[in-house]
Amino acid sequence: MIKVICLSALILLIGLCHGETNFQGRIVGGEDISNYYVSYIAQIRRRSSTTSAYAQTCGASLLDNRTLVTAAHCVYNRLAENFLIVGGTDQRAGMDGYVTRAEKIVIHDLYNASITDNDIALIFLSPALPIREDNIKLSAISVASERPSVGTYATVSGWGTTTESGLSSNLLQQVQVPVVDSTSCQEAYDWRPISDGMLCAGLPNGGKDACQGDSGGPLVVNSQLVGIVSWGEGCARANYPGVYTNVAYFKNWIDQQRASNALV
Ligand code: 4AZ
């Protein structure tokens, strides 16, 4: 018995000493943030079948009252009817905020699931969300036309896990991470491509990052959307920055899809 307790304590101690110092959690290494400050974020909830419950799986950004941009891997191989979209809340669960549905999902033609390349999709909503001048809880965000320069601090938000393989956050979290140059990012991820449609962000020593469940959510610089949470080796590890979809690279694709799916 004593042996078991000592062994458990030892394992816990080793775990704590192993750099997993983000006990307070948050995205990873972030802080609670009100949706008033992240009014462009929406939550994607998914059910695995028409008879099961919805749970938050991804984030997304509002481009206008009926258009969301997210990661392709959040919606790939899923039916629109199995999604619920919630805007105007910082709560991961419950029915706070505005609830709507995915009417149509458009995934990038060149999305490559095996290397997570071209990881971008649009969700057209019905009914539209109440984006108005007087609705401070919801606003659209514009898409950056240029990739952010190396070293720029960008803000990422979401309800994802607060440690690698930990639990999701019940309250919206936010953290700032600097953009990393793609050459060194490619050197870190030497087994898979860092394409022009990707950008990397993170601190050399890790500690701050997006994580599982943050996927699809916004990376923002100067009130413009520069990235979409896409993938990474674990979360907040030293020398493994988070990888984001480089939205500026897809600006024409976004504009074309919005035009061809416009309401008449
Ligand atoms: C994920 O599994 C995931 N650290 C998202 C972001 C990152 C890693 C994993 C980046 O959805």
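Return the pair list, or none, for Cβ contacts closer than 6 Å from residues in the stretch 225-245 that are among the acidic types (Asp, Glu) to residues that are within 10 Å of the ligand (Cβ to nearest atom), at least 6 apart or on different chains. Close Cβ pairs satisfying both conditions: Glu233/Tyr240. The residues of the stretch 190-202 that are surrounded by 15 or more Cβ atoms within 10 Å (Cβ to Cβ) and either in contact with a Gly (Cβ under 8 Å, 6 or more places away or on another chain) or acidic (Asp, Glu) (or both), listed by number, are Leu199, Cys200, Ala201, Gly202.
Restricting attention to the stretch 203-231 and to residues that are assigned to a loop (DSSP other than H, G, I, E, B) and in contact with a helix residue (DSSP H, G or I) (Cβ under 9 Å, 6 or more places away or on another chain), the residue that is most open to solvent (accessible area, probe 1.4 Å) turns out to be Ser215. Filter the stretch 190-202 down to residues that are touching a residue at least 12 places away in the same chain (Cβ under 8 Å) and assigned to a loop (DSSP other than H, G, I, E, B) and give me whichever is farthest from the ligand (Cβ to nearest atom). Out of the qualifying residues, it is Asp196.
Only one of the numbered conditions (1) away from the ligand (no atom under 15 Å from the Cβ); (2) among the aromatic types (Phe, Trp, Tyr); (3) in a loop (DSSP other than H, G, I, E, B) is not met by Tyr240, and that is (1). Return yes or no: is Tyr54 open to solvent by 40 Å² or more (accessible area, probe 1.4 Å), within 15 Å of Pro218 (Cβ to Cβ) and not basic (Lys, Arg)? So Tyr54 does not fit the description; no.
The values are calculated or read from the model by the stated rules, or taken from the named source; none is laboratory data. Given the structure is predicted, the values throughout are model-derived calculations rather than measurements. Backbone-built Cβ (ideal geometry, glycine too); neighbour counts: all protein chains shown. All accessible areas refer to the heavy atoms of the entire protein, side chains included, with ligands and DNA or RNA removed. Shrake-Rupley method; radii C 1.70, N 1.55, O 1.52, S 1.80 Å.
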